[in-house]
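Here the structure is laid out as C-alpha cells; the discussion comes afterwards.
The values are calculated or read from the model by the stated rules, or taken from the named source; none is laboratory data. All of these numbers come straight from a predicted model, not from anything done at the bench. Don't worry about glycine lacking a Cβ; one is built from the backbone with ideal geometry, like all the others, and counts go over all protein chains shown.
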Amino acid sequence: MAKRKYFKTESKKLLDLMVNSIYTHKDIFLRELISNASDAIDRRHYRSLTDDAVEAADEYAIVIHRDESARTLEIADNGIGLTEEELINNLGTIAESGSKAFLEKLEKQQDVELIGQFGVGFYSAFMVAQRVDILTRSPYSETGYRWTSTGEATYTIEEADKDDIGTRIILHLRPDDQDNEETYSDYLKEHTIRRLVKKYSDYVRYPIKTDVVKKEDDKETTVTETLNTMVPIWKKAKADIKDDDLNDFYKRQYHDFEDPLHTIHTNVEGMLTYTALVFIPKNPPQDFYTDQFEKGLQLYSKGVFIMDKNKDLIPDHFRFVKGLVDSADLSLNISREMLQHDRQLKKIAAHLEKKIKSELEKMLKRDREKYIEFYNAFGKNIKYGIYDNFGAKKDLLQELVMFKTDQSDTYITLAEYLERKKDDQKAIYYATGSSRAQILSQPQLDAVKEKGYEVLMFTDEIDEFMVQIMQSYQDTPFKSLKQSESDLLDDEKKDALKTKEKDHKKLLKAIKKALKDHVKDVKLSGRLKDAPVCLVSGEGLSLEMEKVLKNLPNQAGIKADRILEINPDHELFTALSRIHETNPAKIDDYANLLYRQALLIEGYDIDDPVDFSNRMVKLMLEASEK
Ligand code: ADP
Ligand code: MG
C-alpha cells in the first residue's frame, strides 16, 4: 500500500511554479537530472572506499532511455540510490532555504537556469513531466522504493522490486501543446538528447549512454553510444577553455549565482603532479563568518571523485576559496583518516597557499580595483589570518592588508604608507573608531595632522588585535593615537606642559579625585587644538579592544586603563581653574561632566546617564539663577 505524503510549504510553492512553468529554458531539466545522477555515482564510489557495506559498481554509467510509445524519458544511474527516509527528506522537503532563496531570485529575474545553484534542481523535472516516478535502491535498504508525484501537493512512496543499486528517474512527458509551440515529444528524439548532453553535460565524468539507431546499407541496427567526451573542464587544455565555461562550471558546482571574482587554474608537473582549479568568489557566502561555514576543496584522483570538502588542502586564512584539486599522485583507496596524514596532500596544500598568495599580490599590483573588491569581501579574513596563531603567518599575509587613512579615502598598503611617511616619523599611526568619518572627528588627531603624519583608520574590530600581534611592519612600530602622546611632542612643548602641570597640581588632583572610579589618571594634553578634553588609554589594552572583549564569554572583566587628557589652552580649563579657586566644591560636578563629554566624543556609552543628566540640570539651573 502506497503511503501518501505532503510536500513541505516552500517546496510546494516551487513545484507550483514548475508545473505551471512559463520558462523558456525548460531544457535544463536534463542537465539537472544528469548532474544528480553523477553526484549519486560520486557518492557511491566514495562510500565504497570507506564503508564495507557499499560495493563499487564494475562500471559506472548514466543511461538515458527514450520510449516514444509510452512517452517516457528515463535517466538511470548506478549511484548510491535513496532509502525511504532519504526520499522523504531529500525530495519531499528539498533544502527549504534553497527553495525560498530560489523563489526570490526567480521573482526578480525569471531565470530558471539558476535552479541548480540553489539545491532544488530536481524539481525542474516537473517543467516537462506531468508525472515523475523514481525507482530506487540504496545499499542501506533491504528493498527498493517507488516514489511518484504529479508535482501537486502530494507524493506517494511504496516498496518496489529493484535488484541493482541505483536510481531510475522516469518522466512521463506532458502532451504537446501546438498552440504554445511546446513540443515535449522532442525530448524523445535522439538528436535532441545528443544536443543537450553535448551542450550541458559534456564534461560529466561518467559515460552518458543512450541507444541510437544506425543505418548501414538500408539495415537498421541499434547500438549504445556514449554521448559525452567525459573530459572534465580542468583537464582540458587552457587554450580550449572559455571564461564562460569556467564561470558556468563554478556557479553550478559551487552553488553561487554570481561569476567568480577570480579563477586560478594551475597545472603542476614534476616531483608533485596535480591540477588545481580554484575560485575566489565575489561575495562571502551567508554563513562565512559563522561556525556553520565549512572550508575545503574537492579532491579528485585522475578525474575520479574522492571527497567533497578536504579541509587540509586550504589554510584558514584562504578559506574563502572554492574549487578542486586533481592529483594522480593520490591513491584511490584512501580513507579520510589516511588523507590527513598524506604527505603528497600536505605538499599540494603548501604549494597552493603560495600560489593563492602570489595571485592576490599580482591582482593588488595590476588591478587595484579588482583587489579592492576582493578586499571588501574577504580582507577581514586576511587580518584574522595575521592575528591567528600568534602571528605565524604575518610574513605571508602582511603585504595583503590595506587601510584607508585620514589623508586617503581609498585603501593603501602598509608598504605604501611607509613610502610616503615623513622623514622624522618614527611610527605607523592608527586611530580606532566606528567609521572613517567618526575617526576624523576625534580630537586626538589634531597633533598628528599638524605634523602631517598620516593615520591609518581602524574600523574593523580585528584591526587593533592584529597590530598588537604584528607589533611592527618593516621595523616601524605601530602606535595608537589613543595612547601616550609623548613622541608627538617636541621637547619645548613637553617642558611647557610639565610647567603647567606643576602650576595646576591642585586642580588636577581635585579632578582626579572626583573621577577616581572612572579613570586611572588625569593629565594635561599637548595634542588638542579645539577640543577641551579627550580620553586615551594606557599601554596595552585599548578602549576599542575592551569593547570587543566585553562581548566574549570569559573576557568580560578585562578593562583598559582610561586617561583623561585636558586641553590647558582651552577656555574651559581657565574657567575650571577659576572655579577651583573660588568654589572648589563644584569641581566634582564639572569633572564628571567633562569625563562624560569625552566619552561621548569617542562614541562610547556613558556608564551612568542619570547621574550625567542630574549634574547637567543642576548646572543649568545655577547658570540661570545668575
Ligand atoms: P542538489 O542536487 O543540489 O542537492 P536536487 O534538487 O537536484 O538538489 O536534488 C535533491 C537531492 O535529491 C539530492 O541532494 C540527492 O540527495 C537526491 N537525489 C536526487 N537525484 C538523485 C539520484 N539520481 N540518486 C540519488 N539521490 C538523488
Ligand atoms: Mg542537483
Yes/no for Thr156 being part of a strand (DSSP E or B) and within 16 Å of ligand 2 (Cβ to nearest atom):
no
Of the candidates Lys355, Lys421, the one satisfying the condition of being under 26 Å from Tyr289 (Cβ atoms) and in contact with a strand residue (DSSP E or B) (Cβ under 9 Å, 6 or more places away or on another chain) is Lys355
Checked against (1) modelled with pLDDT under 95; (2) within 9 Å of ligand 1 (Cβ to nearest atom), Thr136 satisfies every condition except (1)
Go through Leu91, Leu49, Leu87 for me and flag whichever is in a helix (DSSP H, G or I) and under 30 Å from the mean Cα position of the chain (by Cα).
Leu91
Count of residues meeting criterion [away from ligand 1 (no atom under 13 Å from the Cβ) and either buried (at least 17 other Cβ atoms within 10 Å of the Cβ) or hydroxyl-bearing (Ser, Thr, Tyr) (or both)] in the stretch 13-25:
4
Flag for Gly116 being part of a helix (DSSP H, G or I), touching a Phe, Trp or Tyr at 6+ places or on another chain (Cβ under 8 Å) and within 14 Å of ligand 2 (Cβ to nearest atom)
no
Restricting attention to strands (runs of 3 or more DSSP E) lying wholly within the stretch 204-272, give those where 2 or more residues are over 30 Å from Leu188 (Cα atoms).
262-268
Can you give me the number of residues within the stretch 35-85 that are under 21 Å from Gly116 (Cβ atoms), surrounded by 17 or more Cβ atoms within 10 Å (Cβ to Cβ) and of a type in the set (Asp, Glu)?
3
Please give the number of the condition Leu103 fails out of (1) more than 8 Å from ligand 1 (Cβ to nearest atom); (2) buried (at least 21 other Cβ atoms within 10 Å of the Cβ).
(2)
On the given criteria, is Phe279 among the aromatic types (Phe, Trp, Tyr), at pLDDT 95 or above and either outside any helix (DSSP H, G or I) or surrounded by fewer than 19 Cβ atoms within 10 Å (Cβ to Cβ) (or both)?
yes
Determine whether the stretch 54-76 contains at least one residue that is within 12 Å of ligand 1 (Cβ to nearest atom), over 27 Å from Met307 (Cα atoms), not basic (Lys, Arg) and not in a helix (DSSP H, G or I).
yes
Under 7 Å between Cβ atoms, which residue pairs at least 6 apart in sequence (or on different chains) link something in the stretch 160-179 that is at pLDDT 95 or above and more than 16 Å from ligand 2 (Cβ to nearest atom) with a partner that is of a type in the set (Phe, Trp, Tyr) and assigned to a strand (DSSP E or B)?
Ala160/Tyr145
Where the second residue is assigned to a helix (DSSP H, G or I) and hydroxyl-bearing (Ser, Thr, Tyr) and the first is within 12 Å of Val522 (Cβ to Cβ) and lies in the stretch 561-575, which pairs have Cβ atoms under 8 Å and are six or more apart or on separate chains?
Leu564/Tyr595
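This table checks each residue for (1) crowded, with 19+ Cβ neighbours inside 10 Å; (2) touching a residue at least 24 places away in the same chain (Cβ under 8 Å); (3) of a type in the set (Phe, Trp, Tyr).
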{"position": "Ala125", "(1), (2), (3)": "yes, yes, no"}
{"position": "Tyr140", "(1), (2), (3)": "no, yes, yes"}
{"position": "Tyr145", "(1), (2), (3)": "yes, yes, yes"}
{"position": "Ile157", "(1), (2), (3)": "yes, yes, no"}
Within the stretch 515-554, residues being surrounded by fewer than 15 Cβ atoms within 10 Å (Cβ to Cβ), part of a loop (DSSP other than H, G, I, E, B) and in contact with a strand residue (DSSP E or B) (Cβ under 7 Å, 6 or more places away or on another chain) number 1
Filtering the stretch 294-334 for residues that are part of a loop (DSSP other than H, G, I, E, B) and under 18 Å from Phe374 (Cβ atoms) leaves a count of 6
For the stretch 436-492, which positions are under 30 Å from the mean Cα position of the chain (by Cα) and among the basic types (Lys, Arg)?
Arg436
For Ile382, all conditions in the list (1) surrounded by fewer than 16 Cβ atoms within 10 Å (Cβ to Cβ); (2) over 30 Å from Asp52 (Cβ atoms) hold save one; what is the number of the exception?
(1)
Which of the residues that make up the stretch 241-258 are among the charged types (D, E, K, R) and either buried (at least 17 other Cβ atoms within 10 Å of the Cβ) or in contact with a strand residue (DSSP E or B) (Cβ under 7 Å, 6 or more places away or on another chain) (or both)?
Lys251, Arg252, Asp256
